[in-house]
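**Student:** Just dropping this structure here.
The values are calculated or read from the model by the stated rules, or taken from the named source; none is laboratory data. Nothing here was measured: the structure is a model prediction, and the numbers come from that model. So basically every Cβ, Gly included, is an ideal-geometry build from the backbone, and we count neighbours across all protein chains shown. Protein only, heavy atoms only, side chains kept; ligands, DNA and RNA dropped before computing areas. Shrake-Rupley method; radii C 1.70, N 1.55, O 1.52, S 1.80 Å.
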Amino acid sequence: MSLNVIIVDDEPLALDVLETYIARTPELRLLKRCENAFEANEALRQYEIDLMFLDIQMPQMSGVDFLKTLTKPPMVIFTTAFSTYAVESFELNVLDFLLKPIPVDRFMKAVNKAVERKSKESNTGEAESDAEYIFVKSDKKLVRVKFSEILYVEGLKDYVIIRTETGRVISLQTMKSLEDKLGLAKFVRIHRSYIVAMDKIQAIVGNMVEVMEKGLPKHLPIGKNYRDELLELIDKHKL
């Protein structure tokens, strides 16, 4: 398994050290060296990145602040000369925290974590893509919902409304928990309150997604934090 990697650091020597380590690691493929958060943001838009080595103290925008701007970040390993950031780093669910100067053995340990997590995610994704339905708790029952019948999902506080070709199913759970169950292959999050089935999208109209519900067009809003990912997925299916 090979992981696509970018490194982000304002110090050329730190970039050189990480590039050397990565070049000696068969599991890693370096796609971009970035000197600041803006270059990193562009690289994340341009490439499919699995792992980002991210410095914390950088001019204009720190690594911590940059990570907080990302809606769906790749795996992140923080690199810094200051151990005081360790607690905040793990609150952001980063994969690991490396103190400079970075020893080779600590680098390899962090890389092994990344490879293991990617392997688990790949296996989970394959299992989800093979599934044809899920069970959701609704009105004191477990209701089977076929993926092929789902039009879209609407979030409403602590509830989700699963709109299908034949009606709706209301379930007490969060959008995030349902999104995890649905998987990423057939569905896409387009808004904080909406998930839509990719094969039910009829058109993109401005900042709206159009689906057909009961024979009539239904327009769902596209959140600004989700638009780029949606358009990337749409672009992959263009002729």
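**Student:** Could you work out Rg/(2.2 N^0.38 Å) for the chain, with Rg from alpha carbons only?
**Tutor:** 1.17
**Student:** What whole-number value in cubic angstrom gives the convex hull volume per residue for the C-alpha atoms of region 1-127?
**Tutor:** Expressed per residue, the convex hull around the Cα atoms of region 1-127 is 103 Å³.
**Student:** Probe 1.4 Å, all protein chains in place: accessible area of residue 122 in Å², nearest 10?
**Tutor:** Probe radius 1.4 Å; accessible area of residue 122 about 40 Å².
**Student:** Over the chain, with the other protein chains present, what is the accessible area per residue in square angstrom, probe 1.4 angstrom?
**Tutor:** It amounts to 58 Å² per residue over the chain.
**Student:** Let me ask you something else. Mind putting a number on the dipole of the chain about its Cα centre? Charges go on the C-beta only, +1 for Lys and Arg and -1 for Asp and Glu, and I need it in Debye to the nearest 20.
**Tutor:** Dipole about the Cα centre, nearest 20: 1040 debye.
**Student:** What fraction of the DSSP beta bridges in the chain is antiparallel, stated in percent and rounded to the nearest 5?
**Tutor:** Given both bridge residues lie in the chain, the antiparallel proportion sits at roughly 65 percent.
**Student:** For the Cα atoms of the chain, what angle does the longest principal axis make with the long axis of helix 104-130, in degrees from 0 to 90, nearest 10?
**Tutor:** Helix 104-130 and the main axis of the chain meet at about 10 degrees.
**Student:** Here's something else I'd like to know. Can you work out the FRET efficiency for the pair residue 176 and residue 108, with r the C-beta to C-beta distance and R0 = 30 Å, to the nearest 0.05?
**Tutor:** Result of the calculation: an efficiency of 0.40.
**Student:** While we're on this one: For region 158-239, give the percent of accessible area contributed by carbon and sulfur heavy atoms, probe 1.4 Å, rounded to a whole number.
**Tutor:** 53
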